[in-house]
Structure formats: structure tokens, C-alpha cells
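Trainee: Following this message is one structure expressed as C-alpha cells.
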Amino acid sequence: VEITVTTFTDPSAAFVDRCNIDIEIFNSTGTNRIAQVTNIPRQNGPWNVDPQFPSVTCSNAQMGEYIIGSIKKNIYRTTYTLPGPGYYLVRYYDVARLNDIINMDNSGSQAFFIESTILINSYLGAQNSPQFLNHPIDEACTGKLWTHNPGGYDPDGDSLAYKFVNCRQYDPPSIPSPITCSGFVMPDVISPNGPISIDVHTGLITWDVPNVIGIYNIAFVIEEYRDGVRIGFSYRDMAIFVNPCDNDPPVIEAPT
């Protein structure tokens with residue numbers, strides 16, 4: 001199988017840039033680690049020297065691509081031969097979660113964690129994970145309705161369903177299995193923020209409205225269904241930057 005991990009990082013902070021990453025492959029219950037795939041190189045952007053931060057370098061590896069300010073997108077890709085048919089979990093974690101997230105405790109000391117599934121079943125035919133057109137990073141204005149759609153689709157035409165989950169951390173051996181981040185609450189628990197919701201069918205996230213300035217993290221699972229049977233899921237962790245701004249959404253006047 002081909003495994004792709006996509007991360008978004010700000011290398012202006014020390015020790016967060018990753019020339020290579022490691023992933024883990026577990027059995028379906030997450031209790032038995034089958035393999036650890038190490039030193040997967042970054043495979044997008046210019047080579048060797050970061051264009052914004054020349055002190056950040058990689059030996060014979062690419063540097064990622066900047067998308068918003070000092071935030072860049074990093075793509076790591078590898079292939080791995082699994083031992084046989086079955087259901088597997090692919091896990092990635094990094095101890096450099098963003099600092100100063102206001103809806104969890106001391107976020108910079110908690111590991112970032114994402115997870116996805118692989119199903120090997122010859123009767124199902126081709127099986128690809130959901131793909132996303134939009135980045136898991138967005139900006140919101142205080143006092144203004146905020147919406148975000150991950151732009152999810154499935155290359156195989158499988159149905160997708162979305163639901164919020166807790167942001168999780170994982171850092172073996174001190175944290176041997178994924179757990180909820182310490183102090184994590186949904187953004188609308190922080191008063192006087194308004195309610196936040198996700199559409200189970202489209203993935204559209206609606207926050208009506210953010211009122212407290214700061215950085216928030218949310219996480220959601222995208223479940224993949226074929227003929228009414230769940231065949232996999234992908235876990236997404238995203239950041240929302242809430243600031244005061246003058247941007248107003250467009251007002252559309254429909255013709256009679």
C-alpha cells in the first residue's frame with residue numbers, strides 16, 4: 001500500500017521542522033504494533049534549505065511548501081507491504097503541537113496525533129482513503145459567522161460521514177495509547193462563544209459565532225461507507241485562528 005501523511009507546521013518555532021517522519025502500523029484494535037516505518041522523507045517543496053528560514057535545513061530532502069504566512073504544508077509518502085488481508089491502523093504523532101491553544105491545557109507540551117485505517121480485502125476491490133481539497137487551517141473573525149468545509153471526496157465513490165471527536169495525544173511509552181488532550185473542550189464551551197456544529201453528510205463546519213480571540217483546535221473523523229458498511233476512517237486535527245477583523249461575508253440578493 002502507499003501511505004501519505006500530510007502535516008502543516010510553522011518552522012519559525014525551534015525544533016518543529018521534520019525532514020523525515022516515522023509512522024506506526026497497528027492491528028485493528030490498536031493493541032498490537034505490527035511495524036514502525038522510519039525515516040520517511042518529505043517530498044514536496046524546494047530542496048535542502050527553507051526559503052523563509054535559511055537556518056532550517058535538510059540534507060537531501062525537500063522543505064515543504066508555504067501556504068499561509070509562515071505555515072507550510074509537508075507531504076511524506078512511502079509504500080509498505082502488509083502481512084495479509086485485514087484491517088489496520090496507521091498512526092502518526094509529533095511532540096510539537098502548536099503553543100497557546102486556548103481550548104486545551106498547555107498545548108505545547110501535548111503531542112499532535114492523527115490516525116487512519118487500511119482495509120485489505122480482495123472482495124472490495126480498489127480502496128482509497130478520502131481526499132481533502134482544503135487545508136485543516138483556517139481564520140475566523142470575532143463576532144462573524146464562520147464556516148469551513150474540508151472539501152472531502154472519495155476516489156472510489158464511497159459515502160462519507162463526518163463527526164466531531166476530541167483532539168487526542170499519543171507519545172509512547174509515556175502515553176502508550178491515544179487519549180484525549182488534557183483540558184480539551186470544544187470551542188463553544190468557552191463563553192461567550194456561540195455554538196459550533198458539523199454536518200454529518202457534507203462536513204460543513206459552522207460556528208455561530210466565535211467571540212473569544214485566540215487559537216483553537218478541533219478534530220473530526222471522516223467515516224467511509226460502501227453499501228452501508230463502514231470500511232474505514234480518517235482522523236483530522238485542525239487549527240482555527242480567531243482574531244478581530246473587518247471582513248464581512250457577502251450579502252446575496254436573489255432575484256424574484
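The values are calculated or read from the model by the stated rules, or taken from the named source; none is laboratory data. Keep in mind the model is a prediction, meaning the values are calculated, not measured. Every residue, glycine as well, gets a Cβ built from its backbone with ideal geometry; the counts of neighbours run over all protein chains shown. Heads up: the accessible areas ignore ligands, DNA and RNA and are worked out on the full protein's heavy atoms, side chains in. Shrake-Rupley method; radii C 1.70, N 1.55, O 1.52, S 1.80 Å.
Trainee: Just to be sure I follow the definition: excluding the sites themselves, where is the longest run in the chain that has none of the chymotrypsin sites (Phe, Trp or Tyr not before Pro) in a DSSP loop with at most 13 other Cβ atoms within 10 Å? Let's see the in-between values first.
Mentor: Values: sites that count: F15, Y123.
Here the longest run is 124-256.
Trainee: Normalising by the residue count of the range 8-96, find the relative contact order in percent from Cα pairs under 8 Å and 6+ residues apart.
Mentor: Details: 162 pairs, mean separation 30.0, N = 89.
It rounds to 34 percent for the range 8-96.
Trainee: Counting only heavy atoms of protein chains, what accessible area per residue, in Å², does the chain have with a probe of 1.4 Å? Intermediate values should be presented prior to the final figure.
Mentor: Values: 12990 Å² over 256 residues.
Roughly 51 Å² per residue, with all protein chains present.
Trainee: DSSP loop trypsin sites (Lys or Arg not before Pro) in the range 120-188 with at most 15 other Cβ atoms within 10 Å of their Cβ, which ones?
Mentor: Qualifying residues, ordered by number: none.
Trainee: I've got another one for you. Looking only at D158, D105, D246, which one moves most when the chain is put into a Gaussian network model with springs between Cα atoms under 10 Å?
Mentor: D246
Trainee: Here's a follow-up. Take the solvent-accessible surface of the protein heavy atoms, probe 1.4 Å, and return the percent of it on the range 118-256 that carbon and sulfur atoms account for.
Mentor: The value for the range 118-256 is 53 percent carbon and sulfur by accessible area.
Trainee: Follow-up question, since we're still on this one. Once ligands and nucleic acids are excluded and a 1.4 Å probe is used, how much of E65 is accessible, expressed in Å² to the nearest 10?
Mentor: Spelled out: E65, probe radius 1.4 Å, area about 90 Å².
Trainee: Okay, next question. Among (i) 48.2, 165; (ii) 19.1, 64; (iii) 21.5, 74, which one is Rg and Dmax of the Cα atoms in Å computed from these coordinates?
Mentor: Derived directly from the coordinates: (ii).
Trainee: Related question: Average the reciprocal distances over every distinct pair of alpha-carbons in the range 71-166, invert the result, and give the Kirkwood radius in Å. Please report the intermediate quantities before stating the final value.
Mentor: Numbers: mean 1/r = 0.0591 Å⁻¹.
After inverting the mean inverse Cα-Cα distance, the result is 16.9 Å.
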